[in-house]
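Encoded as structure tokens, the structure appears first; notes follow it.
Read the figures in this text as sums done on the coordinates, not as results from a lab. The model shown is predicted, which means the values in this text are computed figures rather than measured ones. So basically every Cβ, Gly included, is an ideal-geometry build from the backbone, and we count neighbours across all protein chains shown.
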Amino acid sequence: MRWRSFVAVGDSFTEGMDDAYPDGTYRGWADLVATRLAAEAGPDFGYANLAIRGRLFPNIVAEQVPAALAMKPDLISFAAGGNDVLRRTFDPDAFVPRFDAVIGQLRAGGADVVLFRFADVMARLPGQRLVAPRVALLNRVVGEVAERHGAILVDLYADDTYLNPMLWSTDRLHLSAAGHRRVAGQVLSALGVGCDEEWLMVPPHPAPTPWLAARAADLRWAGQHLAPWIKRRLTGRSSGDLITAKRPVLGPITLD
């Protein structure tokens, strides 16, 4: 196998929320991919995960990209922009050329680069009219940039399986454990590496929820997840303000 090292760059999607280990930290698709690659490559395989929840594209570029390039890995995953499109300050005219430049920089360093077209989450969230066109723009740009620079594209948006709510956590924004396993399986498939077939299995759709129960669930979600998100926006805070990268340097993977 040609990859002896893997560095994951991004935000909560790559950090692994909400696929929790018993100690409360997060696993996620990137850890699963790294474990499989390490099993193929042997004990010298190195893995770093620099992703931190809540990070915006400029922060990821300024903080994580230079650190990733300094490690000179064989493989880099880059997933960014999801938090940016949720904000009123999102500027597509500035974002598009900078995204292209960053991927060009990563590829120029000699690494294979994995990019993602994001799954459709807006069906379960408010603000569809404003945000959905931005997500479509982001996904279009990712596809074009991947083709231009010879990056490896994992197209989650084209997979209708992600419309199944069982692949998402209770906050309706982050993947569940099952969702992360599916992403890991799709990344490994794009890399030409086999994975556990169970990772690609889809849980059954939940039974339809009666209207009144569904509205009660919406109210609980708004109180537990939407209101804190709005408060952070109003106060200029981020969910990742006190968080550091879980694997800031290349290191070996412990295989069970």
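Residues within the reach of a label modelled at residue 220 (point 7 angstrom out along Cα to beta-carbon, backbone nitrogen below 20 Å), restricted to the stretch 18-60, are 18-20. Multiplying the residue separation of residue 170 and residue 244 by 0.36 nm and subtracting their alpha-carbon distance yields 24.3 nm. A cut-off of 5 Å between modelled amide H atoms, ignoring neighbours fewer than 5 places along the same chain, links residue 4 with 74.
Rounded to the nearest 10 degrees, the inclination of helix 177-191 to the longest alpha-carbon principal axis of the chain is 40 degrees.
What FRET efficiency comes out for the pair residue 101/residue 232, r = Cβ-Cβ distance, R0 = 30 Å, nearest 0.05? Efficiency at R0 = 30 Å is approximately 0.55.
Each Lys and Arg contributes +1 and each Asp and Glu -1, all at the Cβ; summed about the Cα centre of the stretch 46-137, the dipole is approximately 320 debye. Placing unit charges on each Cβ (+1 for Lys and Arg, -1 for Asp and Glu) gives the chain a dipole about its Cα centre, and among 210, 86, 166 the Cα reaching farthest toward its positive end belongs to 86. Between residue 177 and residue 108, the distance separating the two model label sites (each 7 Å from Cα on the Cα→Cβ line) works out to 4.3 nm.
Highest mean first, the peptides 151-159, 175-183 sorted by other C-beta atoms within 10 Å per residue fall in the order 175-183, 151-159.
Could you give the angle, 0 to 90 degrees to the nearest 10, between helix 128-149's Cα long axis and the longest principal axis of the Cα atoms of the chain? Orientation of helix 128-149: about 10 degrees from the principal axis. Net length available on complete extension from residue 209 to residue 130 is 25.7 nm, with 0.36 nm assigned per residue and the Cα-Cα distance removed.
Working note: Karplus 6.51/-1.76/1.60 with θ = phi - 60° gives the stretch 31-41 the couplings 4, 5, 4, 4, 4, 5, 5, 5, 5, 7, 7 Hz, where Gly and Pro are set to x.
When each of the peptides 141-147, 29-35, 93-99 is scored by how many other beta carbons lie within 10 Å of its residues on average, the order from highest to lowest is 29-35, 141-147, 93-99. Taking every DSSP beta bridge that has both ends in the chain, the antiparallel portion is near 20%.
Less than 5 angstrom separates the built amide H of residue 55 from those of 12, all sequence-distant by 5 or more or on a different chain. For the pair residue 44 and residue 144, the difference between a 0.36 nm per residue extended length and the Cα-Cα distance amounts to 32.6 nm.
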